Amino acid sequence: MSFDYNTSRKNLVLPEYGRNVQKMVDHMLAIEDRDERNRCARSIIGVMGNLNPHLRDIADFKHKLWDHLTVISDFKLDIDMPYPTPTPETLFTKPRKVDYPFNRIRFKHYGKTVESMVKKAADMEDGPERNAFVVVLANLMKKMYLTWNREAVSDEVILGDIKVLSQGRIEIEPSKLRLSETRDILQQQQQRAPRPYHHNNQRNNNYKNRKK
């Protein structure tokens, strides 16, 4: 007596539809009458849609089902398709490789956005608007610096970095510009940090509530 195990059967092309759908497709391919094949194909599409209702959330899900039917048939369908007949090249073509940006960042703790902002400030005309922008930018850079380095950082370092990033077009004497205090920045960052959840505290509160 021989048993029909899945390991002895041919592999399913799309396992999510199951072996019964695969058998239905194989039966359809063996039908000689074209009209009968068309009716059988539409019936199989209905079954496939019921087996995978999540496809209804996909735009043009009917088109997706017909593509899957073509794949299950190993691209041997000879029916009146309601959509253009797909080919292995159109369905399995690898996506175009996206070039990775290799822009060099001078100070990684500031990031590319800050570098762009410094260049923007350097292109602005001298005046109150540019000065205010530089002050905001310098304070932002100091906060970002302290995010990665908890040690104190002097205003001279920040202003020196601005000079480097602007290629010398923004040069400010430290005595003429006072930035936010390091302790104030660290205190604000500590206040914004999420507080850890203590399981023991929750257990103690539950115990107190039961005693009440």
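Please verify whether residue 151 is among the charged types (D, E, K, R), over 16 Å from residue 109 (Cβ atoms) and surrounded by fewer than 18 Cβ atoms within 10 Å (Cβ to Cβ), treating the condition exactly as stated. Can you show your working first?
Values: among the charged types (D, E, K, R): yes; over 16 Å from residue 109 (Cβ atoms): no; surrounded by fewer than 18 Cβ atoms within 10 Å (Cβ to Cβ): yes.
No, not satisfied.
Exactly one of these conditions fails for residue 190: (1) more than 33 Å from the chain's Cα centre (by Cα); (2) surrounded by fewer than 13 Cβ atoms within 10 Å (Cβ to Cβ); (3) part of a helix (DSSP H, G or I). Give me its number.
Of everything listed in (1) more than 33 Å from the chain's Cα centre (by Cα); (2) surrounded by fewer than 13 Cβ atoms within 10 Å (Cβ to Cβ); (3) part of a helix (DSSP H, G or I), residue 190 misses just condition (1).
Looking only at the range 14-23, decide whether some residue is free of Cβ contacts under 8 Å to residues at least 24 places away in the same chain and surrounded by 15 or more Cβ atoms within 10 Å (Cβ to Cβ).
No.
How many residues does the range 169-183 contain that are loosely packed, with under 10 Cβ neighbours inside 10 Å and either acidic (Asp, Glu) or under 20 Å from residue 123 (Cα atoms) (or both)?
Final tally of qualifying residues: 1.
Six or more apart or on different chains, Cβ atoms under 8 Å: show the pairs whose first residue is in the range 113-142 and assigned by TED's automatic domain parsing to the domain that holds residue 163 and whose second is modelled with pLDDT under 90 and small (Gly, Ala, Ser).
Close Cβ pairs (under 8 Å, with a partner that is modelled with pLDDT under 90 and small (Gly, Ala, Ser)) amount to 139/180; 142/180.
Give the range 53-81 a look and list any residue that's assigned to a helix (DSSP H, G or I) and over 15 Å from residue 24 (Cβ atoms), or say none. Walk me through how you get there before you give the answer.
Step one: list which residues in the range 53-81 are assigned to a helix (DSSP H, G or I), which gives 53-57, 61-72.
53, 54, 55, 56, 57, 61, 62, 63, 64, 67 - these are the residues of the range 53-81 that are assigned to a helix (DSSP H, G or I) and over 15 Å from residue 24 (Cβ atoms).
Going residue by residue through the range 27-41, is there one that turns out to be at pLDDT 90 or above, assigned to a helix (DSSP H, G or I) and within 23 Å of residue 89 (Cβ to Cβ)?
The first filter runs over the range 27-41 and keeps only residues at pLDDT 90 or above, leaving 27-41.
When the remaining residues are screened for being assigned to a helix (DSSP H, G or I), the result is 27-30, 34-41.
Imposing the further condition that a residue be within 23 Å of residue 89 (Cβ to Cβ) reduces the set to 29, 41.
Taking every residue of the range 27-41 in turn, at least one turns out to be at pLDDT 90 or above, assigned to a helix (DSSP H, G or I) and within 23 Å of residue 89 (Cβ to Cβ).
The values are calculated or read from the model by the stated rules, or taken from the named source; none is laboratory data. These numbers come from a predicted model, not from an experiment. Methodologically, a virtual Cβ is constructed for each residue, glycine included, from the backbone with ideal geometry; neighbour enumeration extends over all protein chains shown.
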